[in-house]
Amino acid sequence: MVRIAGIDLPDNKRAEIALTYIFGIGRTFSNKILDEAGVDGNQRMKDLTMDEVSAISKIIQDKYIVEGDLRKQVQMNVKRLMEINCYRGIRHKRRLPCRGQRTHTNARTARGKRSVAIGKKKKK
């Protein structure tokens, strides 16, 4: 099993897909990294040599912010928005959608579980 940036990458996946298991690397960055390292993206991870794996991990370490550092950066950005009380920050505080989605209906994930209304008792 290949380990890059603290993540175990699956052996049976193609290299361009396996790299996307790292937080912060999608298909585009994956292909750029493989081109720089001179590795074919269609090769399986188990077929890569140790030199190729070390070249890939060196490129990721030097040029990209991934995993814990990226998560921390995103969290700090959200915290900054909340502190300056901009619209997006207020929406984050209230745990509502920030990107213009409607909340009259839908948005159940953001708003939480639906509360059940209590019905009136019928008169006899």
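The numbers here are math on the coordinates, done by the rules we state, and not lab data. It should be emphasised that the depicted structure is a prediction, and the values quoted were computed from it without experimental measurement. No Cβ is skipped: glycine too gets one built from the backbone with ideal geometry, and neighbour counts run over all protein chains shown.
In order along region 101-111, phi translates into HN-Hα couplings of 6, 6, 10, 4, 10, 6, 6, 5, 4, 6, 7 Hz, rounded to whole numbers, per the Karplus curve 6.51 cos²θ - 1.76 cosθ + 1.60 with θ = phi - 60° and x for Gly and Pro.
Once fully extended, how much extra length lies between Ile90 and Gln73, figured as 0.36 nm per residue of separation less the alpha-carbon to alpha-carbon distance?
4.2 nm
Each Lys or Arg adds one and each Asp or Glu takes one away; over the other residues whose Cβ falls under 10 Å from the Cβ of Arg99, this sums to +2. Simple rule: put +1 on each Lys or Arg Cβ and -1 on each Asp or Glu Cβ in the chain, find the dipole, and look at Ser57, Ile33, Leu70; the Cα lying farthest toward the positive end is Leu70. The gain in end-to-end length when the Asp40 to Thr105 segment is fully stretched comes to 18.7 nm, 0.36 nm per residue minus the alpha carbon separation. Computed about its Cα centre, the charge dipole of the chain is approximately 2580 debye, with only Lys, Arg, Asp and Glu carrying charge at their Cβ.
Here the chain is treated as an ellipsoid with the same Cα gyration tensor; its semi-axes, largest first and in whole Å, are 45, 20, 12. Dipole check for region 2-64: with +1 at the C-beta of Lys and Arg, -1 at the C-beta of Asp and Glu, and the Cα centre as origin, the magnitude is about 200 Debye.
GNM remark for the chain: springs join alpha carbons under 10 Å apart, and the peak mean-square fluctuation among Arg80, Arg44, Arg111 falls on Arg111. Note on the chain: GNM, Cα springs under 10 Å; of Arg102, Arg27, Arg88, the largest mean-square fluctuation is that of Arg102. Comparing Ile59, Ile17, Ile84 in a Gaussian network model of the chain (Cα springs below 10 Å), the most mobile by mean-square fluctuation is Ile84.
Within a straight-line Cα-Cα reach of under 14 Å, Lys13 can be paired with the following aspartates and glutamates, leaving aside sequence neighbours fewer than 8 residues apart in one chain: Asp40, Asp47.
Once the Cα atoms are used to define both axes, helix 27-37 deviates from the longest principal axis of the chain by about 20 degrees.
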